[in-house]
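Read through the structure below, which is laid out as structure tokens, and then see the notes.
The values are calculated or read from the model by the stated rules, or taken from the named source; none is laboratory data. On a predicted model such as this, the values are computed, not experimentally measured, just so you know. Here the Cβ positions follow ideal geometry from the backbone for every residue, glycine too, while neighbour counts run over all protein chains shown.
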Amino acid sequence: MNKIFEIPLYPYIHSPDQDAYPTARRKVVVIGAGPIGLATGIEMALQGIEVVILDENDKVSFGSRAICFAQRPLEILDRLGCAHIMVDKGVEWEVGKVFFDEREVYQFNLKPEKGSEFPAFINLQQYYLEEYLVRRVHELQAQGAAIEIRGRNKVSAIGTHDTHATLEIDTPEGSYNLEADWLIACDGANSPTREMLGIDFVGRVFEDNFLIADVVMDADFPTERWFWFDPPFNRGQSALLHKQPDNVWRIDLQLGWDIDKEREKRPENVIPRLKEMLGENVEFELEWVSIYTFQCRRMENFRHGRVLFAGDAAHQVSPFGARGANSGFQDTDNLGWKLGMVINGQAPDSLLDTYNSERITGADENILNSTRSTDFITPKSDMSRILRDAVLDLSEQYDFARPLVNSGRLSVPCTYQGSPLNTADALDGPSDTRPGQPCPDVPLEDGYLLPKLGGKFVLLTINADAPEEIDEDGVKVTRLAVESSSDPNSPLVKRYLGAEKSAVYLIRPDQHVAARRPTYDQNLFRAAIRRATGKE
């Protein structure tokens, strides 16, 4: 059994800030050293911005927790320097199977479109991801970046002001105060920051509970996502089986609403349930057990002056569909470059309001899909159950019924089509690279597209001329010139040109398209840069 979650990776160290008078001020303070907080800190450090990450613990989280990471978050994590080690350790999967009672009614394949560097999904325990992110922080520190993690630093009080936030922080040596120009709360679903500021969620809490059990076992189950409706080992409920590294398997069992959670978590009650599912002869060891209640909720606003919220602190969804951590990484991807530009004086403070509007769009999309999944998995009336069971029966033989089966619509990248940062589309090109869309990866002659875009503004020219660099009011945009083949089936042509002969794309630092035209026009692209940085 893996014990990494017992090793302090960022032990308590006395900071000079604890003795500072007057109170020390930091550019950015992040609360929470989970995956989203660590990713946020790394994003800031890569932009050369001073950042301190505070966490009340000194080690990675206990239990696998989030396990399923989609292609787009892997692309984001690649830019942060962690994706390849994740893929090397993780379990890749593409096939999902859906069972009704004891029958397999259909299966699906999530194989990514040809030409993508990363798989559609990997399964990896959250504690491994946190370890990789912490080690990336240490690597950046060794390179001279102004980033640090302060373990066993618990924020106990927060004050908000027009120009900064104030924090009172408890440590093993007593409390101290710290000021932050900007405060980012990534402290999870039960966010103490949100509570201290008196801010609540809006949305739904579903009357159902699920048991999560991570078990270590040698089993001959294939590396697939298996989901059961009304299985013989959990009648009237649902179940999920997923493989993780180190022979750890994730099992989710629906329990119903009126239960004693503490009693259900006891090994003497969990083990018989698992034996009924896996078989009496299968040997396994419990690694982690938890019970969760479905919640599809969010804050009304993710920005509160100098305090910004990201990840589960800002929004919650039920876990089916792998939308929690995956959407959290898209929060950091959206917030990081905008906050960096504001701090560096390249954009107005109002640019951060678009973090609020764009990521609320993403949260609402996830909540909608997660709510639909939850309603299908846990019907709330006899008529809903009859309809659901009829869909499952039909899906065994008829293709038309299969899209109606909802065992968790899996995470997809968010599109910001209505964003005020977009310039109106001027290219009769493919639909998946319109303004607001995240750039799909494609192979080039010397690698892949997305790593070449990096985390900066880029002018992508395909069979088109343009300046090598544009400086628009302090915002530098560099050109990436690509020549396409004449093959209409090449990924570059299919995703970025379509029937057009040439194209020029303005791409944001989070690799979303801001503008596109068939050719370069200086005045129009300079205007698009101003719009994309909140100056128009």
Take region 270-321 and flag every residue that is in contact with a Phe, Trp or Tyr (Cβ under 9 Å, 6 or more places away or on another chain), surrounded by 22 or more Cβ atoms within 10 Å (Cβ to Cβ) and assigned to a loop (DSSP other than H, G, I, E, B).
-> 302, 310, 314, 317, 318, 319, 320
In this structure, does residue 527 turn out to be among the hydrophobic types (A, V, I, L, M, F, W, C) and either within 24 Å of residue 362 (Cβ to Cβ) or assigned to a loop (DSSP other than H, G, I, E, B) (or both)?
-> no
Please go through region 31-52 and pick out each residue that is buried (at least 24 other Cβ atoms within 10 Å of the Cβ) and among the charged types (D, E, K, R).
-> 43
Pairs where the first residue, in region 51-65, is at pLDDT below 90 and the second is part of a loop (DSSP other than H, G, I, E, B), C-beta under 6 Å, 6+ apart | 64/125
Can you name the number of the only condition in (1) part of a strand (DSSP E or B); (2) surrounded by 23 or more Cβ atoms within 10 Å (Cβ to Cβ) that residue 26 fails?
-> (2)
Residue 480 is checked against (1) within 24 Å of residue 76 (Cα to Cα); (2) out of contact with any Lys or Arg (no Cβ under 9 Å at 6 or more places or on another chain); (3) outside any helix (DSSP H, G or I) and fails just one. What number does that condition carry?
-> (2)
Residue pairs within 7 Å by beta carbon, gap of at least six or interchain, first lying in region 72-91 and on the phi > 0 side of the Ramachandran plot and without any contact (Cβ under 8 Å) to a residue 60 or more places away in the chain, second assigned to a helix (DSSP H, G or I) and not polar (S, T, N, Q), listed first then second, are 81/136
Residues located in region 126-185, provided they are of a type in the set (Asp, Glu), within 27 Å of residue 196 (Cα to Cα) and within 27 Å of the chain's Cα centre (by Cα) = 130, 148, 181
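Answer with yes or no whether residue 336 is surrounded by fewer than 23 Cβ atoms within 10 Å (Cβ to Cβ), at pLDDT 90 or above and in the same structural domain as residue 75 (by TED's automatic domain parsing). Write out each step before concluding.
Numbers: surrounded by fewer than 23 Cβ atoms within 10 Å (Cβ to Cβ): no; at pLDDT 90 or above: yes; in the same structural domain as residue 75 (by TED's automatic domain parsing): yes.
It is false that residue 336 is surrounded by fewer than 23 Cβ atoms within 10 Å (Cβ to Cβ), at pLDDT 90 or above and in the same structural domain as residue 75 (by TED's automatic domain parsing).
Just one of 7, 31, 49, 36 is over 25 Å from residue 163 (Cα atoms) and of a type in the set (Val, Ile, Thr); which is it?
7
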Residues located in region 399-432, provided they are within 21 Å of the chain's Cα centre (by Cα), crowded, with 22+ Cβ neighbours inside 10 Å and modelled with pLDDT of 90 or more = 416
Could you tell me whether region 483-495 includes any residue that is on the phi < 0 side of the Ramachandran plot, β-branched (Val, Ile, Thr) and modelled with pLDDT of 95 or more?
-> no
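Counting just the residues of region 445-473 that are in a loop (DSSP other than H, G, I, E, B) and modelled with pLDDT of 95 or more, which one comes out farthest from residue 343 (Cα to Cα)? Break it down into steps so the answer makes sense when it comes.
Within region 445-473, the subset in a loop (DSSP other than H, G, I, E, B) is 445-446, 454-457, 463-468, 473.
Remaining after also requiring modelled with pLDDT of 95 or more: 456-457, 463-468.
Numbers: 456: 15, 457: 17, 463: 36, 464: 34, 465: 33, 466: 29, 467: 27, 468: 26 Å.
So the residue we want is 463.
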Unique match (being of a type in the set (A, V, I, L, M), more than 17 Å from residue 533 (Cα to Cα) and surrounded by fewer than 15 Cβ atoms within 10 Å (Cβ to Cβ)) among 503, 499, 466 = 499
Only one of these is among the charged types (D, E, K, R) and under 30 Å from residue 387 (Cβ atoms): 56, 102. Name it.
-> 102
From the option list 419, 407, single residue qualifying as within 18 Å of residue 509 (Cβ to Cβ), among the small types (Gly, Ala, Ser) and not assigned by TED's automatic domain parsing to the domain that holds residue 487 is 419
Of all residues in region 435-444 being surrounded by fewer than 21 Cβ atoms within 10 Å (Cβ to Cβ) and not in a loop (DSSP other than H, G, I, E, B), the one that is nearest to the chain's Cα centre (by Cα) | 443
Number of the exception - residue 189 against (1) within 29 Å of residue 297 (Cβ to Cβ); (2) at pLDDT 95 or above | (2)
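Considering region 425-434 alone, what residues qualify as being out of contact with any helix residue (DSSP H, G or I) (no Cβ under 9 Å at 6 or more places or on another chain) and assigned to a loop (DSSP other than H, G, I, E, B)?
Selection gives 425, 428, 434.
Restricted to region 245-269, and to residues that are touching a residue at least 12 places away in the same chain (Cβ under 8 Å) and in a helix (DSSP H, G or I), which residue is nearest to residue 235 (Cα to Cα)?
Of everything passing the filter in region 245-269, 264 is nearest to residue 235 (Cα to Cα).
Quick one: is residue 422 in contact with a helix residue (DSSP H, G or I) (Cβ under 9 Å, 6 or more places away or on another chain), in a loop (DSSP other than H, G, I, E, B), polar (S, T, N, Q) and without any contact (Cβ under 8 Å) to a residue 40 or more places away in the chain? Talk me through it step by step, then tell me what you get.
Numbers: in contact with a helix residue (DSSP H, G or I) (Cβ under 9 Å, 6 or more places away or on another chain): yes; in a loop (DSSP other than H, G, I, E, B): yes; polar (S, T, N, Q): yes; without any contact (Cβ under 8 Å) to a residue 40 or more places away in the chain: no.
The answer is no for residue 422.
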